Amino acid sequence: MAEQRLIAYSSTKATLIEFARCLAVDHAREGIRVNVVAPGTVNTPAFRRAMGTASDAESFIESRRQRNPIPRILTADEIANVVWFLSGDQSSGMTGSVVTVDAGLTASYDFRDLTSQGYQ
């Protein structure tokens, strides 16, 4: 997904997804599978560095939590579990796939917690 002030990051990620799809097509008959894991906000050293540059780190973290339908920051273990799945026989029918692990962020155009606004 495109984000403001992240042109290099966003365009590189899109390029890597298409590169992986091309590799998947080129090498599927050799038994080589290529898939992509597309994570959302994950508690990593890079995320913690970004928090350090925010004028209000707690507000920064809370805004990142609340923009997700599952209102939290993911852990590296959650991403690793998907990678583990993709590396095993359980995913033997998958190649050229993008598995999004983002707490539901990209499932909605503009997610809002409407329960806080009186909707049920």
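The values are calculated or read from the model by the stated rules, or taken from the named source; none is laboratory data. Nothing here was measured: the structure is a model prediction, and the numbers come from that model. Cβ: placed from backbone, ideal geometry, glycine included. Neighbour counts: every protein chain shown.
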Q: Check T53, T44, T95 and return the single one that is loosely packed, with under 12 Cβ neighbours inside 10 Å, over 29 Å from L114 (Cβ atoms) and of a type outside the set (D, E, K, R).
A: T53
Q) With respect to the numbered conditions (1) more than 24 Å from A107 (Cβ to Cβ); (2) loosely packed, with under 11 Cβ neighbours inside 10 Å; (3) of a type outside the set (K, R), which one is the sole condition not fulfilled by D26? A) (2)
Q: Give the residues of segment 6-43 that are more than 19 Å from L86 (Cβ to Cβ) and either touching a residue at least 24 places away in the same chain (Cβ under 8 Å) or touching a helix residue (DSSP H, G or I) at 6+ places or on another chain (Cβ under 8 Å) (or both), sorted by residue number.
A: T41, N43
Q: Working only within segment 48-79, note down all residues that are touching a residue at least 12 places away in the same chain (Cβ under 8 Å) and not in a helix (DSSP H, G or I).
A: R67, N68, P69, I70, P71, R72, I73, L74, T75
**Q.** Contacts under 9 angstrom Cβ, first residue in segment 80-109 being farther than 19 Å from L16 by Cα and outside any strand (DSSP E or B), partner hydroxyl-bearing (S, T, Y) and modelled with pLDDT of 95 or more, 6 or more apart
**A.** F85/S91; S91/S97; A107/T100
Q: Assess whether A38 counts as being within 18 Å of A2 (Cα to Cα), within 13 Å of the chain's Cα centre (by Cα) and exposed (fewer than 13 other Cβ atoms within 10 Å of the Cβ).
A: no
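What do you reckon, is R33 assigned to a helix (DSSP H, G or I) and basic (K, R)? It would help to see each step written out before you state the result.
On the way: assigned to a helix (DSSP H, G or I): no; basic (K, R): yes.
For R33, the condition - assigned to a helix (DSSP H, G or I) and basic (K, R) - is not met.
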Q: Find the residue count for segment 19-76, including only residues that are touching a His at 6+ places or on another chain (Cβ under 9 Å) and either modelled with pLDDT under 95 or among the β-branched types (V, I, T) (or both).
A: 1
